[in-house]
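The values are calculated or read from the model by the stated rules, or taken from the named source; none is laboratory data. Quick caveat: nothing in here was measured; it's all calculated off a predicted structure. Every residue, glycine among them, receives a Cβ derived from its backbone with ideal geometry; neighbour counts consider all protein chains shown.
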Amino acid sequence: MEPPRIDVAYIAELAKLELSDEERSRFTRDLEQVLAYVAQLEQWDTHDVPPMYHPLEVYDALRADTPGVSLSNEAALANAPQQTDGQFRVPKVVESAH
Amino acid sequence: MRVTMFEKTSLTSLRQKLIDRQISPTELVQEYARRMQELNPALNALISWDTERALQTAAQADLSLPLGGLPIAIKDNICCLGEPARCASRMLENFVAPYDATSVSNLRAAGAIPFGRTNMDEFAMGSAGENSAYGATCNPVDKNHAPGGSSSGSAAAVAAGMIPAALGSDTGGSVRQPASHCGVVGLKPTYGRISRYGLVAFASSLDQIGTLTTCVDDAALLLQSLCGHDAMDSTSSRQPVPDFTAELHNGVRGVRIGLPKEYVSSGNAPEVQNALHTAVTTLKAQGAEICEISLPHAQAAVASYYIIACAEASSNLARYDGVRYGYRAEEKADTPGDLYARSRTEGFGEEVKRRIILGTYVLSGGYYDAYYARAQKVRALVARDFAQVFEDGVQLILGPVAPAPAPKLHATDMTPLQIYLADIYTVPANLAGLPAISVPTPQSGLPVGIQLLAPHFEEARLLRAAATLEQSWK
């Protein structure tokens with residue numbers, strides 16, 4: 001069988017990871033080996049088998065829509081790398097107007 | 001090289017000592033703090049422990065409660081209010097949990113004292129305890145060997161007598177396999193039995209909190225306090241919680257136990273084949289009926305598991321972006337996208353990145369049906385195998401935990417695929433959501449556990465057979 005190709009650089013971009021050249025070639029080798037192995041899944045007849053997204057059927061899992069106690073603003077921000085005025089701080093998202 | 005270990009003492013016997021006032025909860029915490037101090041430099045089983053905090057809890061311990069005054073270590077991916085929860089990752093090195101996981105608040109409500117954060121494979125991804133930003137954990141039975149993983153520190157700490165019991169998490173064997181490698185009891189209950197609220201998510205349809213203990217009685221004792229429905233976890237079960245200790249010592253007479261022919265493989269190390277044989281002989285001698293069964297899709301489990309686990313992980317770990325919590329790259333980023341990428345690149349370790357990339361790939365356009373959807377269908381086939389066997393009257397399943405005893409630490413000649421393949425006997429329970437336990441077998445060398453699996457929510461039956469084996473081997 002044709003060994004599966006994986007464009008690790010493109011996938012890393014999707015996953016918001018920056019890889020060094022060395023990592024990229026190592027991951028390519030590792031993951032192609034894994035993908036060649038998982039190709040065996042094709043051998044099983046899954047024609048009428050619904051995918052199993054969950055190990056157990058759970059019904060009516062929603063609780064009553066009544067407000068409960070949440071984390072305080074202070075507690076929610078306690079682990080923030082940067083904060084300003086009770087909010088998470090991030091780099092500027094929009095372009096400056098010229 | 002064997003590490004000088006402390007005598008392992010069960011929760012059950014410590015509880016009696018506390019009730020008889022032979023020792024106070026404060027003295028007990030001091031004793032375990034001393035052991036941690038002495039052994040941790042050699043084993044690296046704990047990332048940190050807060051003796052002050054544990055002593056404060058001990059001072060208020062209510063001995064009338066089922067776990068009153070008993071110290072229990074917590075894997076570093078389970079939240080304890082005000083304590084670090086690092087997942088052994090640089091990504092969460094400064095994270096302090098703003099709430100208790102439900103498992104931890106249940107332990108507290110039962111009187112236990114959370115004490116010590118156990119080392120692990122980063123984000124629970126690994127099976128040797130080596131993928132930790134805080135260094136590898138050593139197997140206390142032989143320092144040159146790995147303790148197994150990902151609940152490496154929990155298993156090693158319990159095995160070395162540094163703590164009487166610990167919580168772990170099991171996504172594909174991460175409680176049972178290190179328990180097997182370190183010679184302690186590892187229980188993974190049915191999916192949904194214990195709330196996952198406050199357990200850092202790896203693969204949400206597979207993750208389950210479990211226990212590492214010195215004996216089966218302690219596993220039953222802990223499970224009793226841990227389980228129950230939780231409104232904070234939509235997958236937590238509403239099944240009634242039986243008394244897990246009531247019939248624990250009633251034996252296995254007449255119980256039908258299946259031995260899958262696919263599990264008695266020539267690929268198993270001789271020690272593992274011997275352990276299986278010993279378990280069969282013992283169970284038969286105790287009156288159980290052992291029958292050969294078949295799980296035709298057993299060979300498909302690892303392939304299905306790694307696709308699903310990595311897919312779910314890539315989605316779950318997308319939350320680490322350096323904005324709300326966790327590591328943020330220091331270099332000034334011009335855009336949020338740069339900030340996310342740099343923070344993730346610097347914060348995650350190698351195996352985590354490898355799995356995120358695999359997971360992202362199998363979920364990406366054009367590959368979803370070929371990999372992810374197909375893996376979920378094969379998962380259904382794996383689960384059907386078990387359902388069929390149980391429907392045919394088999395009450396428990398016996399098998400190995402791992403194909404071989406603990407490997408040497410830093411065995412660098414293994415490829416990731418070879419490492420993944422060693423999970424063949426543990427991942428099926430996670431795919432199907434079944435409860436399973438690893439029980440140590442009598443060994444003179446490295447420990448080897450055997451595994452029992454039960455139908456959904458039949459932990460009482462599982463524990464009863466495990467207790468029978470343990471009792472016979474004393």
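There is at least one residue in the range B:366-375 that is more than 17 Å from A:LYS92 (Cβ to Cβ), hydrophobic (A, V, I, L, M, F, W, C) and facing another protein chain (nearest Cβ under 7 Å). I want to confirm something. Restricting to the range B:228-250 and keeping residues that are buried (at least 17 other Cβ atoms within 10 Å of the Cβ), more than 14 Å from chain A (Cβ to nearest Cβ) and in contact (Cβ under 8 Å) with a residue 60 or more places away in the chain, which single residue is farthest from B:THR468 (Cα to Cα)? For the range B:228-250, the residue satisfying everything is B:GLY228. When the range B:86-104 is limited to residues that are in contact (Cβ under 8 Å) with a residue 40 or more places away in the chain and outside any loop (DSSP other than H, G, I, E, B), the one that is nearest to the other protein chains (Cβ to nearest Cβ) turns out to be B:LEU92. Scan the range A:36-61 for residues that are within 7 Å of chain B (Cβ to nearest Cβ) and either part of a loop (DSSP other than H, G, I, E, B) or more than 21 Å from B:PRO296 (Cα to Cα) (or both) and the total you get is 12. Inside the range B:422-462, residues that are farther than 26 Å from A:VAL34 by Cα, at pLDDT 95 or above and out of contact with any strand residue (DSSP E or B) (no Cβ under 9 Å at 6 or more places or on another chain) make up a count of 4.
Filter the range A:1-27 down to the residues that are more than 8 Å from chain B (Cβ to nearest Cβ) and not in a helix (DSSP H, G or I) and list them by number.
Within the range A:1-27, the first condition is being more than 8 Å from chain B (Cβ to nearest Cβ), and the residues that meet it are A:1-5, A:7, A:9-10, A:13, A:20-22, A:24-26.
A:MET1, A:GLU2, A:PRO3, A:PRO4, A:ARG5, A:ASP7, A:SER20 - these are the residues of the range A:1-27 that are more than 8 Å from chain B (Cβ to nearest Cβ) and not in a helix (DSSP H, G or I).
Of all residues in the range B:176-219, those satisfying the criterion of being in contact with a Leu (Cβ under 7 Å, 6 or more places away or on another chain) and in a helix (DSSP H, G or I) are B:ALA179, B:VAL216, B:ASP217, B:ASP218, B:ALA219. Residue check: B:GLN388 meets all listed conditions (1) over 23 Å from the mean Cα position of the chain (by Cα); (2) buried (at least 20 other Cβ atoms within 10 Å of the Cβ); (3) more than 9 Å from chain A (Cβ to nearest Cβ); (4) of a type in the set (S, T, N, Q) but one, namely (2). Select from the range B:14-49 the residues that are closer than 22 Å to B:GLY168 by Cα, out of contact with any helix residue (DSSP H, G or I) (no Cβ under 7 Å at 6 or more places or on another chain) and either in a loop (DSSP other than H, G, I, E, B) or without any contact (Cβ under 8 Å) to a residue 40 or more places away in the chain (or both) and list them in ascending order. Result: B:GLN37, B:PRO41, B:ASN44. Comparison of A:ALA80, A:ALA75 shows that the only residue that is touching a strand residue (DSSP E or B) at 6+ places or on another chain (Cβ under 9 Å) and at the interface with another protein chain (Cβ under 7 Å from one of its Cβ atoms) is A:ALA80. Restricting the range B:289-331 to residues that are touching a residue at least 60 places away in the same chain (Cβ under 8 Å), within 22 Å of A:LYS16 (Cβ to Cβ) and facing chain A (nearest Cβ under 8 Å) leaves a set whose member that is surrounded by the most Cβ atoms within 10 Å (Cβ to Cβ) is B:ILE307. So B:GLU292 fits all but one of (1) touching a helix residue (DSSP H, G or I) at 6+ places or on another chain (Cβ under 6 Å); (2) part of a helix (DSSP H, G or I); what number is the exception? The number of the failed condition is (2). For B:SER225, indicate whether it is modelled with pLDDT of 95 or more, under 30 Å from A:SER70 (Cβ atoms) and among the small types (Gly, Ala, Ser). Taking the combined requirement at face value, the residue satisfies it.
All conditions in (1) small (Gly, Ala, Ser); (2) modelled with pLDDT under 95; (3) under 29 Å from B:ASP423 (Cα atoms) hold for A:SER25, with the sole exception of (2). Of everything listed in (1) in a helix (DSSP H, G or I); (2) buried (at least 20 other Cβ atoms within 10 Å of the Cβ), the single unmet condition for B:ASP369 is (2). Say whether the condition of being part of a helix (DSSP H, G or I), among the basic types (Lys, Arg), within 24 Å of B:LYS261 (Cβ to Cβ) and more than 14 Å from chain A (Cβ to nearest Cβ) is met by at least one residue in the range B:449-465. Among the residues of the range B:449-465, at least one is part of a helix (DSSP H, G or I), among the basic types (Lys, Arg), within 24 Å of B:LYS261 (Cβ to Cβ) and more than 14 Å from chain A (Cβ to nearest Cβ), which makes the answer yes.
Could you list all residues from the range B:349-361 that are facing chain A (nearest Cβ under 9 Å) and surrounded by fewer than 24 Cβ atoms within 10 Å (Cβ to Cβ)?
Narrowing the range B:349-361 to residues facing chain A (nearest Cβ under 9 Å): B:350, B:353-354, B:356-361.
Within the range B:349-361, B:GLU350, B:LYS353, B:ARG354 meet the criteria.
Restricting B:GLY168, B:GLY173, B:GLY153, B:GLY148 to residues that are crowded, with 24+ Cβ neighbours inside 10 Å, in a strand (DSSP E or B) and within 12 Å of the chain's Cα centre (by Cα) narrows the list to B:GLY168.
What do you reckon, is B:ALA404 assigned to a helix (DSSP H, G or I), at negative phi and among the small types (Gly, Ala, Ser)? Please lay out each step first, then the result.
Numbers: assigned to a helix (DSSP H, G or I): no; at negative phi: yes; among the small types (Gly, Ala, Ser): yes.
It is false that B:ALA404 is assigned to a helix (DSSP H, G or I), at negative phi and among the small types (Gly, Ala, Ser).
Of the residues making up the range B:17-32, one or more are closer than 28 Å to B:ASN131 by Cα and at pLDDT 95 or above.
Within the range B:265-273, does at least one residue satisfy the condition of being in contact (Cβ under 8 Å) with a residue 12 or more places away in the chain, at negative phi and in contact with a Leu (Cβ under 8 Å, 6 or more places away or on another chain)? Full working, then the answer.
Keep residues of the range B:265-273 that are in contact (Cβ under 8 Å) with a residue 12 or more places away in the chain, which gives B:265, B:267-269, B:271-272.
With at negative phi added as a condition, the list becomes B:265, B:267-269, B:271-272.
With in contact with a Leu (Cβ under 8 Å, 6 or more places away or on another chain) added as a condition, the list becomes B:268, B:271.
Taking every residue of the range B:265-273 in turn, at least one turns out to be in contact (Cβ under 8 Å) with a residue 12 or more places away in the chain, at negative phi and in contact with a Leu (Cβ under 8 Å, 6 or more places away or on another chain).
From the list B:ASP413, B:ASP334, exactly one residue is among the acidic types (Asp, Glu), more than 21 Å from the chain's Cα centre (by Cα) and more than 7 Å from chain A (Cβ to nearest Cβ). Which is it? Quick ask: steps written out before the conclusion?
Details: B:ASP334 fails: more than 7 Å from chain A (Cβ to nearest Cβ).
Just a single option satisfies the conditions, and that option is B:ASP413.
Of the set (1) within 7 Å of chain B (Cβ to nearest Cβ); (2) in contact (Cβ under 8 Å) with a residue 24 or more places away in the chain; (3) among the acidic types (Asp, Glu), all apply to A:ASP30 but (2).
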